[in-house]
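Below is one structure; the comments refer to it alone.
The values are calculated or read from the model by the stated rules, or taken from the named source; none is laboratory data. Since we're looking at a predicted model, the values are computed, not measured. All Cβ positions, even for glycine, are placed from backbone atoms using ideal geometry, and neighbour counts span all protein chains on display.
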Amino acid sequence: MKAQGKLKPPACSWCGRELEASTRGRPKKYCSQSCRQRAYEQRNNVKGTSIPHNAVILHPDRAEELIDKLFELRCSAEDIATAVEEHEDPRDIRQLCNELVDLAKNVEQLRIRE
Ligand SMILES: [Zn+2]
């Protein structure tokens, strides 16, 4: 799903952090040497198994944390809907939107950056 025709900015293939557009050479795949290393280690670890080399393998604690954050995201969207229905000050609604965007950016990073 594309949001209003916006292009998804390039992101690190490991942690999901947004990458700065590279001005020359081929586009970067990872945000850091440590992410490149993690990806390399996982490729080796899953070699010879049916697990895709780029599978997102999460510690159960992290998966639970993500589910909690998705719930927060939903609550935040519901708060905005309520604020609009109740004709709240547009500046307050803008603030709620900023919080929603921050939450979403946080959730986009599936793996914790090290
Ligand atoms: Zn990264």
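Return yes when GLU41 is acidic (Asp, Glu) and within 30 Å of GLN95 (Cβ to Cβ) and no when it is not.
no
Could you check the range 25-63 and list, in sequence order, the residues that are touching a Leu at 6+ places or on another chain (Cβ under 9 Å) and without any contact (Cβ under 8 Å) to a residue 24 or more places away in the chain?
PRO27, LYS28, LYS29, TYR30
Just wondering, is there one or more residues in the range 28-49 that are within 29 Å of LEU100 (Cα to Cα) and aromatic (Phe, Trp, Tyr)?
Yes: one or more hits.
Tell me which helices (runs of 4 or more DSSP H) are completely within the range 17-114 and hold 3 or more residues being aliphatic (A, V, I, L, M) and surrounded by 10 or more Cβ atoms within 10 Å (Cβ to Cβ), or say none if there are none.
60-85, 90-108
I'm trying to understand the selection: among the residues of the range 6-26, which are within 14 Å of the ligand (Cβ to nearest atom) and of a type outside the set (Ser, Thr, Tyr)?
Residues satisfying the conditions are PRO9, PRO10, ALA11, CYS12, TRP14, CYS15, GLY16, ARG17, GLU18, LEU19, GLU20.
Return only the number of the condition from (1) away from the ligand (no atom under 16 Å from the Cβ); (2) at pLDDT 95 or above that LYS69 does not satisfy.
Looking at each condition in turn, LYS69 falls short on (2).
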